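One structure below.
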């Protein structure tokens, strides 16, 4: 059992409490040192051996450990190694009864902050404790600074990517749309000629080729449309909307796609009454179409999509759950990035543009909503969106 003495929780001259764990097998020495340190505005806890020390640190926090090197059972060095392994960054000051410097140097080499020889001069020990505590604070501050810098750099890179995308998108989209229109028109003319032509051996093959051309043009147009939609700045058209009806209408819009794969769309919770909210129906419909089409793409033929619609904390929440192959853990945080797609490039009309979920995330942010995804490989994915019942610009 630990003899924990946390008395006089006073603050030092910097306004912060220094929490000291004193570890020594000599009860009288330990108690005397603890009392003197407490008079110097430190909070002192005690442990009689290495095992008790590790037990204490497993359940409590300390700033500095004052550790006797020569204890029965687990030695001071072994205790220090365990502290260093399970509590990195915790500063340790060794106490040794040997006037020779051999043991103290051994502790310093192991990574301890410092060592003192018994008998202890209390002010010297208190000074070392404060120095060790300051070092711990500085190292923690440096680590926080590193984390902050990494996050800032990541955010700057992301911002630069989005800025570059916005600058390039308009020009690229307009430059591509003109030749796409010519290709589409030419393909339509060739189809008309073929339909009026007689029987030729290559006719079916030519029709298949035209199908691929037209589908590729449609896909390219979708990409340019999404690019332009991203960079366009326009206000939301806010109106009263029955989200239940809007969801049902959107399911009907993608009916051809669900029927082609024999995918069933079912309600887990089907609201019996209208669920009114004040939002932009066009933007919300685009979100729903993207989520539902992604779910259809994710499932195998004969798969299943389940929808649920609920009210929660003055918000309306919709879940789109599929029983597809799921999303790999390493891709979860990437799926809302521009041009990232998990869809294979296996055909001209089915491969992903990598902009659908990016646009969805942008729309949800603009409508003061949120989107969240949960997935486990082999067990499908669930996309959850929540929108405030009353959105104001």
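The values are calculated or read from the model by the stated rules, or taken from the named source; none is laboratory data. Predicted model only: the values in this text are computed from it and were never measured. Cβ: placed from backbone, ideal geometry, glycine included. Neighbour counts: every protein chain shown.
Within the range 38-73, the set of residues being closer than 13 Å to residue 125 by Cα, in contact (Cβ under 8 Å) with a residue 40 or more places away in the chain and surrounded by fewer than 22 Cβ atoms within 10 Å (Cβ to Cβ) comprises just one member, 40. Every condition in (1) surrounded by fewer than 17 Cβ atoms within 10 Å (Cβ to Cβ); (2) under 31 Å from the mean Cα position of the chain (by Cα); (3) modelled with pLDDT under 75 holds for residue 227 except the one numbered (1). Is it true that some residue in the range 160-176 is at pLDDT 80 or above and surrounded by fewer than 13 Cβ atoms within 10 Å (Cβ to Cβ)? No. Inspection of the range 304-325 finds a residue satisfying the criterion of being touching a strand residue (DSSP E or B) at 6+ places or on another chain (Cβ under 8 Å), modelled with pLDDT of 90 or more, outside any strand (DSSP E or B) and in the same structural domain as residue 285 (by the TED database). All conditions but one from (1) farther than 19 Å from residue 46 by Cα; (2) not in a helix (DSSP H, G or I) apply to residue 62; the one that does not is (1).
Consider the range 124-142 and keep the residues that are in contact (Cβ under 8 Å) with a residue 40 or more places away in the chain and within 17 Å of residue 38 (Cβ to Cβ). The one that is nearest to the chain's Cα centre (by Cα) is 133. May I ask you to verify whether residue 89 is in the same structural domain as residue 28 (by the TED database), modelled with pLDDT under 90 and not in a loop (DSSP other than H, G, I, E, B)? When the stated conditions are applied, residue 89 does not pass them. Quick check on residue 112: is it at pLDDT below 85, assigned to a loop (DSSP other than H, G, I, E, B) and in contact with a strand residue (DSSP E or B) (Cβ under 6 Å, 6 or more places away or on another chain)? When the stated conditions are applied, residue 112 does not pass them. Among residues of the range 205-222 that are on the phi < 0 side of the Ramachandran plot, those with a Cβ under 9 angstrom from a residue that is surrounded by 16 or more Cβ atoms within 10 Å (Cβ to Cβ) and not in a helix (DSSP H, G or I), sequence gap 6+ or separate chain, pair up as 212/348; 213/348; 215/348; 216/348; 219/348; 219/353; 222/353; 222/355.
Residue 341 meets each of the listed conditions (1) buried (at least 17 other Cβ atoms within 10 Å of the Cβ); (2) on the phi > 0 side of the Ramachandran plot; (3) modelled with pLDDT under 85 apart from (2).
On inspection, residue 150 fails the criterion of being at pLDDT below 75, over 28 Å from residue 289 (Cβ atoms) and assigned to a helix (DSSP H, G or I).
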